[in-house]
Amino acid sequence: MYQESVDKLKGTSRSDTLLVVLLILFFFFAGSIATMLRAKFNSSVPLYVFAAVLGGLLYLVYRLRIKGFRYTVFYKEPEPEYDPRFDDYITHEDYPYPVGTLVFESTVSAKGTILLTVDTKEIKALLAPGEECSAEEEMLLSPKKKEASHSIVFEREGKPVRAYFAPSETFINHVRGLIEE
């Protein structure tokens with residue numbers, strides 16, 4: 001099994017801390033200006049504008065920092081390991097999907113929701129960014145734009161479906177290996 005997570009901005013703990021501090025400073029600075037303008041013009045409009053801008057900033061942070069995608073490919077059987085308790089080789093993990101399955105998840109923080117599962121036998125084409133192919137339905141499973149994302153074409157209910165995703169080269173190599181088998 002090989003799994004990777006993808007989001008728009010790769011953050012470090014230092015950049016995340018700086019972002020939180022800047023948001024707090026913005027909140028107090030913009031709140032004091034909105035309160036001053038409310039008192040000066042005797043209107044609640046500055047507070048509504050402040051609330052809308054703050055909501056927009058929080059949504060932006062959510063989209064860029066918290067929301068992401070996770071891709072999993074089951075490319076080989078789990079290997080047995082020697083366990084001295086039983087004096088035998090045993091398999092410690094059981095895969096929830098058979099070998100040759102791709103799983104695409106939408107993640108919020110670390111919790112994932114499965115959006116799509118595809119068996120590599122269903123895949124008709126694995127396309128690099130910019131390659132064209134016709135499909136009746138398209139799914140964007142990538143934080144990038146369609147033009148910058150890899151895609152797979154597979155059939156569901158007799159219709160070709162194209163799913164865009166942003167994997168690493170290692171992930172692509174595992175998928176190619178499964179398709180060629």
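No value in this document is a laboratory result; all are computed from the given coordinates. The structure presented is a predicted model; accordingly, all values stated were derived computationally and were not measured. Here the Cβ positions follow ideal geometry from the backbone for every residue, glycine too, while neighbour counts run over all protein chains shown.
Some observations on this one:
- For E81 and V99, the difference between the fully extended length at 0.36 nm per residue and the C-alpha to C-alpha distance is 4.6 nm.
- For the pair Y89 and L22, label points projected 7 Å from Cα toward Cβ lie 5.3 nm apart.
- Applying 0.36 nm per residue to the separation of A110 and K40 and subtracting their alpha-carbon distance, the gain on full extension is 20.7 nm.
- If only the Cβ of Lys and Arg carry +1 and only the Cβ of Asp and Glu carry -1, the dipole of the chain around its Cα centre is close to 1720 debye.
- With the cut-off at under 18 Å, measuring from each backbone N in the stretch 145-181 to a point 7 Å along the Cα-to-Cβ line of Q3 picks out 166-168, 170-172, 174-175.
- Under 18 Å of direct C-alpha separation, and excluding same-chain neighbours fewer than eight residues apart, K159 reaches these lysines: K121, K124.
- Positive dipole terminus of the chain, leading residue within A39, V161, T101 (C-beta point charges): A39
- For semi-axes √(5λ) of the Cα gyration tensor in Å, calculated from these coordinates, the label among (1) 30, 19, 13; (2) 38, 19, 14; (3) 44, 24, 13: (3)
- Rounded to the nearest 10 degrees, the inclination of helix 13-41 to the longest alpha-carbon principal axis of the chain is 30 degrees.
- Computing FRET efficiency as 1/(1 + (r/R0)^6) for S13 and V61, where r is the C-beta to C-beta distance and R0 is 22 Å, gives about 0.90.
- Rounded to 10°, Cα long-axis angle of helix 169-180 versus longest principal axis of the chain: 40 degrees
- Globularity index of the stretch 13-66 is 1.31 (Cα radius of gyration / 2.2 N^0.38 Å, N = number of residues).
- Spatial separation of Cα centroids for the stretch 1-50 and the stretch 114-161, in angstrom: 36 Å
- Helix-only CD estimate at 222 nm, as mean residue ellipticity for the chain, using -39500 (n - 2.57) per DSSP H run (n ≥ 4): -11000 deg cm²/dmol
- Within a Gaussian network of the chain (alpha carbon springs, distance under 10 Å), most fluctuating of L37, L23, L58: L37
- Net charge of Cβ neighbours under 10 Å - reference L116; Lys, Arg +1; Asp, Glu -1: 0
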